[in-house]
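The values are calculated or read from the model by the stated rules, or taken from the named source; none is laboratory data. Nothing here was measured: the structure is a model prediction, and the numbers come from that model. Glycine also receives a Cβ, built like all others from the backbone with ideal geometry; neighbour counts cover every protein chain displayed. Heavy atoms of the whole protein, side chains included, go into the accessibility calculation; ligands, DNA and RNA do not. Shrake-Rupley method; radii C 1.70, N 1.55, O 1.52, S 1.80 Å.
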Amino acid sequence: MKITVKTGDPAGFSTDLLAIPIGRSGGHDKRAEAKPRVPRPIQALDRGLGGVIRSAVASGDFDARRGEKLLLYPTKGQSHKRVLLLGMGEENDLDAETVRRLAATALSEARDKGAARVAIRAPSPRGLTAAECAAALAEGAVLGAYRFDAYRSKKAEKGKKGREPSAAMLVFDALEKPASVRRSAANAVIVAESQRVARDLSNEPPNSLPPSALARAARRVARETGLTCRVMHKSELEKRGFSALLAVGGGSACPPNLIVLEHRGGGAPAKSRRAAPTLCLVGKGITFDSGGLSLKPAQSMGDMKHDMSGAATVVGALRAVALLDLPLHVVGVIAAAENMPSGSAYRPGDIVRTLSGHTIEITNTDAEGRVVLADALHYAASHWKPEWMVDVATLTGATMVAFGPWVTAALGNDEKLLEALRAAGQATGELTWPMPLLPEHRRAMASTVADLKNSGGRDAGASTAAAFLKDFVGDTRWAHLDIAGSGWTTTRSPYHRGGATGVGVRLLVELLRREVQQNA
Ligand code: BES
Ligand code: MN
Ligand code: ZN
């Protein structure tokens with residue numbers, strides 16, 4: 001789908017679907033009720049279309065409340081086959097997230113209908129620049145148009161229901177700085193398409209995405225974007241002492257991998273300039289989590305192809321970082337393994353000596369994510385010595401219960417980094433929320449026979465898991481994002497129809513952009 005920024009009157013061109021956001025205004029005075037307000041240029045356009053918009057509003061069928069949508073078929077003027085009215089709610093409350101959702105709803109609807117050429121009239125939210133508005137529209141459009149249909153034999157034909165639109169135009173009345181608005185939209189497309197790459201990986205079924213295929217996918221992305229990619233196979237992992245990763249992957253016929261993606265941005269460090277700081281993103285890449293010998297019940301196992309969503313997010317974020325060419329040195333580290341029960345699987349009772357030298361008593365083979373991350377985090381911290389690192393993982397059912405699909409849990413050892421993640425979440429709509437990380441949580445992970453055990457029981461599951469991870473980060477500034485709830489979902493939203501969300505791509509790219517601004 002091609003996204004373009006256009007200026008002028010939608011009456012001047014034709015589409016298969018024109019989306020028109022409409023807000024409510026006038027409700028701040030207590031006596032007056034807010035009413036849908038049809039902007040003047042749209043009133044003129046509507047007259048040419050036979051007055052369908054006016055009728056929809058006058059009848060009271062369309063209230064312009066946030067999230068509302070109404071599809072209309074103009075009978076006059078052949079320029080727009082369909083007009084989609086989108087409710088924005090109170091005009092003064094309009095923010096970037098609402099704009100993203102508007103565009104997502106528009107493109108999702110357009111795809112359902114098989115509309116090929118789509119236009120969205122840009123709203124003019126008070127708190128956003130035109131460039132920010134264009135970015136939000138572009139992100140929403142690209143994400144809303146997403147479907148995972150790689151395995152459907154019958155592909156939707158051009159102009160037929162389910163086919164992805166070929167063009168989405170973001171239409172502004174006029175623009176003061178069109179070049180910067182276009183750049184902003186183009187960058188947003190890069191980020192949103194990277195999020196789609198993450199979704200594709202996470203949605204891929206586990207029989208077609210063992211660790212080796214995840215590594216191949218990372219390689220392909222690297223080749224396409226100029227990242228470097230190094231994959232450590234079983235023999236090298238053995239030689240280097242990645243025993244925790246090897247233990248978790250031991251039960252599978254598909255051996256584990258450590259995948260390292262690297263973006264060297266900012267060119268060679270000039271004398272006058274500080275070298276670009278090194279930052280690490282670490283992803284949990286369990287391509288399928290059966291629970292291992294501590295086997296999951298069938299009900300909980302069905303969605304465990306998504307247990308590599310953290311890894312998918314890291315691949316997506318690195319892709320965006322490379323294409324945006326951020327002046328940073330960013331290293332993505334992915335611990336890929338399949339957690340399966342078999343004669344060679346690791347067992348409850350096993351004691352594993354990790355890469356860091358710390359020993360782990362395995363009390364539950366289903367708490368495998370933290371075990372592979374133990375090696376990945378230690379490797380990232382000790383080998384790359386980053387300024388900070390963030391890991392992303394579908395780590396605990398406890399987070400899913402606490403936050404549902406709507407929020408990502410953030411824990412760590414550095415308040416500044418956590419605050420930056422909160423702010424980046426606010427800006428991108430990928431919200432993060434803190435959970436406590438206390439000495440008590442670490443105490444719950446104490447083992448009687450090893451340095452720590454891998455399962456601390458039911459209480460405070462998200463926090464005890466993070467307390468476990470903390471043992472492996474040394475004194476590196478670190479944050480842990482638990483996306484068990486937000487990474488995939490069965491709930492529909494304007495952005496997706498369930499399945500993988502690709503959450504974390506926008507968030508991490510925004511975090512890195514803020515890092516660039518700080519270093520400037
Ligand atoms: N991958 C799961 C966590 C998960 C659960 C992600 C549901 C998404 C949805 C993880 O490996 C796991 O099994 N965690 C256990 C840990 C427990 C055994 C200490 C959990 O949360 O139940
Ligand atoms: Mn598990
Ligand atoms: Zn898992």
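Numbers for the structure displayed
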quantity	calculated
Residues of the range 366-396 with amide N under 12 Å of the 7 Å Cα→Cβ point at H358	370-379
Spin-label model distance (nm) - D475 vs R492, 7 Å beyond Cα toward Cβ	5.4 nm
Accessible area, probe 1.4 Å, largest first, for residues W433, W384, W478	W433, W384, W478
Accessible-area composition of the chain, carbon plus sulfur, in percent [1.4 Å probe]	50 percent
Between the range 222-262 and the range 464-513, the alpha-carbon center distance in angstrom	21 Å
Volume of the Cα convex hull of the range 191-519, divided per residue and given in Å³	120 Å³
Where Cα atoms sit under 17 Å apart: lysine pairs in the range 191-519 separated by 8 or more or lying on different chains	6
Shape call, the range 2-173: gyration tensor on alpha carbons, a/c limit 1.5	prolate
Zero-based 10 Å bins, Cα pair distances in the range 155-227, whole percents	15, 30, 31, 19, 5, 0
Modelled FRET efficiency - R0 35 Å, A58 with T129, Cβ distances, 0.05 increments	0.55
Computed accessible area, L279, all protein chains, 1.4 angstrom probe, square angstrom	0 Å²
Positive-pole candidate from A317, A115, L295, dipole of the chain, charges at beta carbon	A115
Of H441, A420, A409, farthest towards positive along the dipole that unit charges on Lys, Arg, Asp, Glu beta carbons give the range 342-446	H441
Sorted peptide list for 408-420, 365-377, criterion being average Cβ within 10 angstrom, highest first	365-377, 408-420
Net +/- balance of residues flanking D414 in space, Cβ distance below 12 Å, scoring K and R +1, D and E -1	-1
Taking the range 191-519 and dividing mean pair separation by its residue count, relative contact order in percent (alpha carbons under 8 Å, at least six apart)	22 percent
Net charge over other residues, Cβ less than 10 angstrom from the Cβ of T129 (K, R count +1; D, E count -1)	-1
Mean-position separation - Cα centroids, the range 427-458 and the range 59-103, in angstrom	45 Å
Proximal charge balance of R506 [Cβ under 9 Å; K/R count +1, D/E count -1]	-3
Per residue value of the accessible surface for the chain (all protein chains in place, 1.4 Å probe), Å²	42 Å²
Label point 7 Å beyond Cα of W433 along Cβ direction - residues of the range 488-515 with amide nitrogen under 17 Å	488-489, 491, 504
Unit charges on C-beta of K, R, D, E only; dipole of the range 191-519, Debye	700 debye
Within the range 167-205, backbone nitrogen closer than 12 Å to the virtual label 7 Å beyond the Cα of A44 toward Cβ	173-174
Accessible area (Å², 1.4 Å probe, nearest 10) - R163	100 Å²
